[in-house]
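Here's the structure, in structure tokens; my notes come after.
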Amino acid sequence: MKKQLTVAIIAALLIMLATFEAITVSNIINYVDDEVNKIYQEYELNKNDITVLYPKLDEIDEYWASKEWWLCLMFNHKDLSAVTDSLNRLLAYTKNNDYDNAIAEVEVLRGITEKNSCNMGFTLQNIL
């Protein structure tokens, strides 16, 4: 009886931890995805001078950098570095007022965050 209770408690704790991680990671990725979607609209409105978006984009990059260590627990490092690389390219394009490359990079970033958001839901379903 004690063994079964111990196994049940450990299993419950593992499920709670995995669920907490999944929700936290999903929230981080969804935040970045939402911010990228918002900034996409801003790029469209500021085609002539996208450099005005640099501070907001820098905030997104700082948020991502501060949360990336947590994401390493759940995601493939290749996917994480793809987001980091894309953000870095987008920062450079924005700083140089290169609208065409910036808007293309926003599309790439949107695709990456959307893909990872879907993967997160799939992982959570597998855990439960």
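All of the numbers you see were taken from the coordinates with simple rules; none came from a lab. Since the structure is predicted, the reported quantities are computational estimates derived from the model, not experimental observations. Positions of Cβ are generated from backbone atoms using ideal geometry, with glycine treated the same way; all protein chains shown enter the neighbour counts.
Couplings for the stretch 89-98, taken from phi via the Karplus curve 6.51 cos²θ - 1.76 cosθ + 1.60 with θ = phi - 60°, read 5, 5, 4, 5, 4, 5, 4, 8, 6, 9 Hz in order; Gly and Pro are left as x. Along the axis of the charge dipole computed for the stretch 2-127 (Cβ charges of +1 for Lys and Arg, -1 for Asp and Glu, origin at the Cα centre), the listed residues Val32, Val52, Tyr99 are led at the positive end by Val32. Shown here: percent of Cα pairs over 27 Å apart, derived from the displayed model; of the candidates [x] 13; [y] 19; [z] 31, it corresponds to [z]. Computed from backbone phi with θ = phi - 60° and the Karplus coefficients 6.51, -1.76 and 1.60, the 3J(HN,Hα) list for the stretch 56-69 is 5, 5, 5, 4, 4, 4, 5, 4, 4, 4, 6, 9, 4, 4 Hz; x is used for glycine and proline.
Over the chain, what is the relative contact order in whole percent, taking alpha-carbon pairs under 8 Å and six or more residues apart? Don't skip to the end; give the middle numbers.
Details: 91 pairs, mean separation 48.0, N = 128.
For the chain, the relative contact order is 37 percent.
The charge dipole of the chain, taken about the Cα centre with unit charges on the Cβ atoms of Lys, Arg (+1) and Asp, Glu (-1), comes to about 840 debye, rounded to the nearest 20.
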